[in-house]
Amino acid sequence: MSWFYRRLVRPVFFKQDPEEVHTLTMRWLGRVSRNAVASEALEAMCDAPLLPVDLFGLRFPNPVGLAAGMDKSAEAVPAWKSLGFGHTELGAVTWHAQPGNDKPRIFRSPPTEAIINRMGFNNPGAEAVAEELAHWRAIGRWPKHPVGINLGKSKVTPLSQAPGDYASSFRALRPHADFFVVNVSSPNTPNLRKLQDKSALEEILVAIQEANTASRRETAKPILVKVAPDLTPDALDEILNLAMDRNLSGLIATNTTISRPESTDALVRKVYTETGGLSGKPVRERSTEVIHHLYRQSKGKLPLIGVGGIFTVEDAWEKITAGASLIQLYTGFIYEGPTLPKQIVQGLAEKLRTHGFKTISEAVGTAHQ
Ligand SMILES: Cc1cc2nc3c(=O)[nH]c(=O)nc-3n(C[C@H](O)[C@H](O)[C@H](O)COP(=O)(O)O)c2cc1C
């Protein structure tokens, strides 16, 4: 399947506009999601074997999740489990519905297996996404894996009112998802990344945590923060200390980068002039470095989700042994196709056998020993 995708499907996809391919694929996955027989057929081809991970009170059937940005409006919630993912991170969702930046806003760089995007949090708004999620449950199509939501700030909301904006989205979505990710690391909303500063981030976390513990009847939902790969070690340490002080469930490392590696290829250089966040192979190494740093500084006490440039089993293993308890894919999935989650889970099971580990948790952070 992976050969079939790379040789036959991907060339056809890559001749078309990236966002159009995305829109059409999402529409198709939405239709599959509503149809039990079609979902079973997809599952028969792509579902991954069990390789469970227990983390923040949730059971993940396998450690390979779908990264934020692919399903921003909860359009195909059941399909991601059929495609073999062990969890899904939907969004980014903002309190206000918003169209995002002008098109074109996604650019491929095939020679470096990368993508640049400046989507700008296009999404139908938190209340509409909450309704969509309620609908998937009501029709009995809720997936059998944890579903998280990536929360962003609405573009119209000034930075000073960010805590209220995030908390409003959280309140609307809280009953509908298993965990939440505070995204202050996207490069595509003006000044958003300033919210990674300690005091600004703390205010957001306080507002969300208040809403999280307001109801005594419901248990609090796990809250994580997603960090940029462009932060200095000191800035990472500040976020880490804050996360530990505030008892967060974990950190996600990393988002896309605003940096651009050198290239002698004219096509690549042209793509790299586009404004936005770079993902895929060029971000892999830096993202792993950030995971190493966070794991070392926290002495392995704070769970990490590793994302950035994972295309192969080796890439996934590198993130896990650096300190990631779970991993996520976005760009690798676009380049390698729908069987990538399954291939990585199968490969990780093999890695565990080779190294004499029984579970993924035993392998986490072992590069530090
Ligand atoms: C088109 C696109 C849209 C994205 N949108 C979001 C988003 O809304 N929120 C977020 O936290 N990350 C977003 N990301 C970043 C990914 O979740 C991921 O952190 C990053 O791409 C690195 O992983 P990768 O190399 O596997 O793609 C987006 C990435 C892409 C390519």
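Some values worked out for this structure:
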| quantity | calculated |
| --- | --- |
| Counted residues, region 78-109 - those being within 14 Å of the chain's Cα centre (by Cα) and in a loop (DSSP other than H, G, I, E, B) | 2 |
| Residue in region 49-58 that is open to solvent by less than 10 Å² (accessible area, probe 1.4 Å) and at pLDDT 95 or above present | yes |
| Helices (runs of 4 or more DSSP H) fully within region 255-326 counting 2 or more residues that are open to solvent by less than 10 Å² (accessible area, probe 1.4 Å) | 281-298, 313-322 |
| Residue in region 125-143 that is in contact with a strand residue (DSSP E or B) (Cβ under 7 Å, 6 or more places away or on another chain), in contact (Cβ under 8 Å) with a residue 60 or more places away in the chain and aliphatic (A, V, I, L, M) present | no |
| Subset of region 236-251 (residues that are in a helix (DSSP H, G or I) and open to solvent by 30 Å² or more (accessible area, probe 1.4 Å)) | Asp237, Glu238, Asn241, Met244, Asp245 |
| Count of region 187-209 residues which are within 17 Å of Leu236 (Cβ to Cβ), open to solvent by less than 20 Å² (accessible area, probe 1.4 Å) and of a type in the set (S, T, N, Q) | 1 |
| Among (1) in a loop (DSSP other than H, G, I, E, B); (2) open to solvent by less than 50 Å² (accessible area, probe 1.4 Å); (3) away from the ligand (no atom under 16 Å from the Cβ) - the single one Phe121 does not satisfy | (3) |
| Residue count, region 162-191 (criterion: outside any helix (DSSP H, G or I) and either away from the ligand (no atom under 14 Å from the Cβ) or of a type in the set (Phe, Trp, Tyr) (or both)) | 6 |
| Matching residues, region 1-59, being charged (D, E, K, R) and either assigned to a helix (DSSP H, G or I) or within 22 Å of the chain's Cα centre (by Cα) (or both) | Arg6, Arg7, Arg10, Glu19, Glu20, Arg27, Arg31, Glu40, Glu43, Asp47, Asp54, Arg59 |
| Only one of Lys144, Lys155 that is open to solvent by 10 Å² or more (accessible area, probe 1.4 Å), within 24 Å of Gln328 (Cα to Cα) and not β-branched (Val, Ile, Thr) | Lys144 |
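The values are calculated or read from the model by the stated rules, or taken from the named source; none is laboratory data. All figures in this text were calculated on a predicted structure; none of them were measured in a lab. For neighbour counting, all protein chains shown are included, and Cβ atoms are generated from backbone atoms with ideal geometry for every residue, glycine included. Side chains are part of the model used for accessible areas, which takes the heavy atoms of the whole protein and leaves out ligands, DNA and RNA. Shrake-Rupley method; radii C 1.70, N 1.55, O 1.52, S 1.80 Å.
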